[in-house]
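Engineer: Below is one structure. I have some questions about it.
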Amino acid sequence: MLAKYVKETRLKRGLSQAELAKLAGLSPAFICRIEKGDYKSVTVGSLNKLSRALKVSIGDLSNLVLNKGHREDLLQKTPYEIINELSLSLPVIVPVYTAFNSRQIIEYAFVPRELATNGGKEMKLIGIKSNDLEYDDIVHRGDIMICGKDIPPSPGDLCLIMNGDQVTIAPYKKKDDVYAVIVQVVRMVKKLV
């Protein structure tokens, strides 16, 4: 049974429910429900997070759900559907360009997938190296700005503002011509080989 297995494995690792929840990126209430045998909110994504935090196979966890007799959709999916759902929990790889109108990719930034979803829909993220742009203590020269091209800006959002041919970084005001909303600034970037 999944409830017993999760609790025993958690205790062997010397973790409280709150610590396991934090490690897995899940709520403490979710861990509590699992350990009580309530699997209604179990998805492939949550099993994947739980298996990583407990350092056990996701196959072991899903088999325990099956043995319980729970037949939720996630356990009736094809291997391709399961792999696709698991890939949704991985970071997004954003190509980084030297300039706004450049087509030359110079490196890649890895950002949390949550940044790439807006209400469950994928958004277009672009990475731009801020070689000549700085703003306050937020954006420094050489930082990579992860920008959302299709995010409608709200007043106060930090944006790339078009002023003729000039691009600046500034908080959004209603009449600004916005190129993109800055959603994250990345300083540590891992190059892909």
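Engineer: For a quick check: with amide H placed at 1.01 Å from N, whose amide H comes under 5 Å from Tyr179's, ignoring anything fewer than 5 positions away on the same chain?
Structural biologist: Leu160, Ile161, Met162
Engineer: Could you sort out which of Lys55/Lys129; Lys49/Lys174; Lys129/Lys173; Lys124/Lys175 sit more than 30 Å apart by Cα distance in this structure? Display every interim value, and only then the final one.
Structural biologist: Working: Lys55/Lys129 37 Å; Lys49/Lys174 41 Å; Lys129/Lys173 24 Å; Lys124/Lys175 23 Å.
Violating the 30 Å Cα-Cα cut-off are Lys55/Lys129; Lys49/Lys174.
Engineer: Label-point separation (nm) for Ile93 and Lys22, each offset 7 Å from Cα along Cα-to-Cβ?
Structural biologist: 3.2
Engineer: A further question follows. When the convex hull of the Cα atoms of the stretch 106-173 is projected onto a plane and the area is averaged over all directions, what value comes out in nm²? Mind showing how you got there, number by number?
Structural biologist: Numbers: hull surface 21.8 nm².
Directional mean of the projected Cα hull area for the stretch 106-173 stands at 5.4 nm².
Engineer: Sort Asp143, Asp136 by Cβ crowding within 10 Å, fewest neighbours at the top.
Structural biologist: Values: Asp143 19, Asp136 9.
By the 10 Å Cβ count, ascending: Asp136, Asp143.
Engineer: Here's something else I'd like to know. What percent do you get for the relative contact order of the stretch 92-186 when only Cα pairs under 8 Å and 6+ apart count?
Structural biologist: Details: 203 pairs, mean separation 21.5, N = 95.
Answer for the stretch 92-186 is 23 percent.
Engineer: Continuing with the same structure: Counting only other residues whose beta carbon sits under 13 Å from that of Leu11, what net charge do I get with K and R as +1, D and E as -1? Provide the component values of the computation, followed by the final result.
Structural biologist: Values: positive: Lys4, Lys7, Arg10, Lys12, Arg13; negative: Glu8, Glu19, Glu35.
So the environment of Leu11 carries a net charge of +2.
Engineer: Provide the FRET efficiency to the nearest 0.05 for the Arg187-Asp60 pair, computing r from the beta carbons and using R0 = 45 Å.
Structural biologist: Taking R0 as 45 Å, the efficiency between Arg187 and Asp60 is 0.75.
A short reminder: the numbers here are calculations on the coordinates, not readings from a lab. Just so it is clear, the structure is predicted and the values come from calculations on it, not from any experiment. As a convention, Cβ positions derive from the backbone with ideal geometry for all residues, glycine included, and neighbour counts pool all protein chains shown.
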